[in-house]
Structure formats: structure tokens, C-alpha cells
Amino acid sequence: MRLFLDSFWRALAYCLMPRVMVLSLLPLAMLLVLSVSWGYFYWSPTQDWVRQMLASWQVLQSMMDWLQSNGVGDLQSVMVPLVVIFAITPVLVVISLLAVSLMMTPALVDLVVQRRFAHLALKHGGTAWTSLAWTVGSTVVALGAMLISLPLWAVPPLMFIVPPLIWGWLSYRVLVFDALVMHASREERLTIGRRHRMWLLLIAVLTGYMGALPSL
């Protein structure tokens, strides 16, 4: 816990640095442009597709009809936009995470090393291609999990649980690898991952919930 809290306040302090703020705004700007562009061109067609998909699920359609007959109102008009938003947000977050991995993380690692760990050796536990392959492979697995779990997102409690867990796992896989790849050997990286896995996953899941805030 002490190491977790120490890491947290140091990370928070770094976030207040102008250089880090600028680097942090790059993925956010990319996410904003992608969101606005997608909403302008594909919002209505995507809603029509989701509406047809929900109508094809007899059990779900029967449940919504029963709720509507009991005074809930037009539940589908609320459910369709929610499903669309929760379905597209992970894709945008994944693209943003890729941008963070390729543009932001190396610069932040160099900054932290220069300020606090100048004595660290460069062991090169991987190359840029290794990092890219790791990121793409982890992203493919996360997207597969998103597609498989998509029916669960129509259930109100689960739509607030499943996506952040998947994003958190992806953040853990990608960002931990990128933070260690230059200064740790493969064996050291695996050892750190095993020793601190639960705390790193906790950090990543918390950031996953932060990534879900735009959907809320």
C-alpha cells in the first residue's frame, strides 16, 4: 500500500507539470476529433443498426415490451443511444491508448528517468517493434473481449462494470510494458509484473473507470 500511495502522489505531481499537460492533451485532442467526426457521419446509421440488432433478440425484446406495458415508457429510445455510446467509446479509448503508447509514454518515461532514476541502465528488454506488436496483440484480445461481451452491455448494471474492466486490463498490459521495456530486461519485467500485478491491475481498472466517464 505504501508503494502504491507513493506512486500515486508522484504521478499526480507529474500531471501538474506543463510538459506533461501538453503531452496529455494530444491523445485527448485526437479522441475529441474522432468522436465529433464519427458522431457527425455515423450517429444515425449506427443507431438504426443497433435498433435492428436489439429487435432480433427475442428475449431482450420481450423483456422491453413487458417493461413498456408496465408503465416504464419507450425503453428502446433510451436503450439504443446508450448501447451505441457504450459500444463506440471503447474503440475510441483504444485508439487513444495506442496514441498514448506510441507518443506519450516514451516521453514520460524519459522525463521520470532524468529526474529520479538517472543511474538506471538501458537493458533494452524489447524494441519499438516489440512494443508495437505487444500493443496490437493486446488490443486485438481486448477488442475480441468487447465483441463477445457486447450483449451484456444492454443490461444496465453490467454496462458499468464490463467495459472498464476490459479497458483496465488493456491499460495494464500496454502501459506497464512500455514503461519497463527500455530499462528492464525481459526477466526483470516479468518479475515486476508478477510481484506487483494486483496493484498495477487496480490502477489500470481505476483508469478504466475514468475512461468510461465520457459514456456516463
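The values are calculated or read from the model by the stated rules, or taken from the named source; none is laboratory data. Predicted model, so just to flag it, every value in this text is computed and none were measured. Ideal geometry is used to build each Cβ from the backbone, glycine not excepted, and the neighbour counts take in all protein chains shown. These area figures cover heavy atoms from the full protein model, side chains too; ligands, DNA and RNA do not enter into them. Shrake-Rupley method; radii C 1.70, N 1.55, O 1.52, S 1.80 Å.
Some points to look at:
- Pairs linking a residue in region 35-64 that is modelled with pLDDT of 70 or more to a residue that is assigned to a helix (DSSP H, G or I) and of a type in the set (Val, Ile, Thr), with Cβ atoms under 6 Å and 6 or more positions apart or on different chains, are Thr46/Val84; Gln47/Val80; Gln47/Val84; Val50/Val80; Val50/Val83; Val50/Val84; Arg51/Val80.
- Scanning region 1-43 for residues that are loosely packed, with under 11 Cβ neighbours inside 10 Å and assigned to a loop (DSSP other than H, G, I, E, B) returns Met1, Leu16.
- Condition met for Met104 (open to solvent by 30 Å² or more (accessible area, probe 1.4 Å), at pLDDT below 80 and closer than 24 Å to Pro18 by Cα): no
- The residues of region 176-204 that are in contact (Cβ under 8 Å) with a residue 60 or more places away in the chain, within 19 Å of Leu122 (Cβ to Cβ) and either polar (S, T, N, Q) or open to solvent by 60 Å² or more (accessible area, probe 1.4 Å) (or both), listed by number, are Met182, Ser185, Arg186, Glu188.
- Qualifying residue in region 153-162 (condition: under 14 Å from the mean Cα position of the chain (by Cα), part of a helix (DSSP H, G or I) and either among the β-branched types (Val, Ile, Thr) or surrounded by 14 or more Cβ atoms within 10 Å (Cβ to Cβ) (or both)): yes
- Pick from region 9-34, criterion in contact (Cβ under 8 Å) with a residue 12 or more places away in the chain and of a type outside the set (A, V, I, L, M), ranking: farthest from Leu202 (Cα to Cα): Arg19
- Pair list, Cβ under 6 Å, 6 or more apart: region 154-170 residue more than 19 Å from Pro81 (Cβ to Cβ), other residue open to solvent by 70 Å² or more (accessible area, probe 1.4 Å) and not acidic (Asp, Glu): Pro164/Tyr209
- Residue check, Tyr209 open to solvent by 70 Å² or more (accessible area, probe 1.4 Å), hydroxyl-bearing (Ser, Thr, Tyr) and under 22 Å from the mean Cα position of the chain (by Cα): yes
- Odd one out for His119 among (1) modelled with pLDDT of 80 or more; (2) surrounded by 15 or more Cβ atoms within 10 Å (Cβ to Cβ); (3) part of a loop (DSSP other than H, G, I, E, B): (2)
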